[in-house]
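The values are calculated or read from the model by the stated rules, or taken from the named source; none is laboratory data. It should be emphasised that the depicted structure is a prediction, and the values quoted were computed from it without experimental measurement. Heads up, the Cβs are rebuilt from the backbone with ideal geometry, glycines too, and the neighbour counts pull from every protein chain shown.
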Amino acid sequence: MERALEHTKAIFVLEDDISKVDYQHRFGSGDDLIYQLADEIYRCYQQEAEQCSISGDVKAAEIKRNISNKMHEELDKAYNSVLKNSIIITTSTDA
């Protein structure tokens, strides 16, 4: 019999008050929130892949790992691109 996947609930807040930002559940910018959500999705896919692997569904585990790894690569690219553009803009306006 196939074991049911566990579900996790989380609440994330886009916070106006910077003093309340903790970068775990409360975020000061949309970018930070998006990256956190993507990390959460990545972790979920990794957990599902592990559960598939344990239950013997090697093909599904491989697919889920590939999807999560691709998502993580794309997230890194996007983050580095935003970071690079932010540095260029900051440097340009400081001059």
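Things to note:
- Complete set of residues in the stretch 24-35 that are surrounded by 13 or more Cβ atoms within 10 Å (Cβ to Cβ) and assigned to a helix (DSSP H, G or I): Asp31, Asp32, Leu33, Ile34, Tyr35
- The stretch 1-23: number of residues that are assigned to a loop (DSSP other than H, G, I, E, B) and modelled with pLDDT of 85 or more: 8
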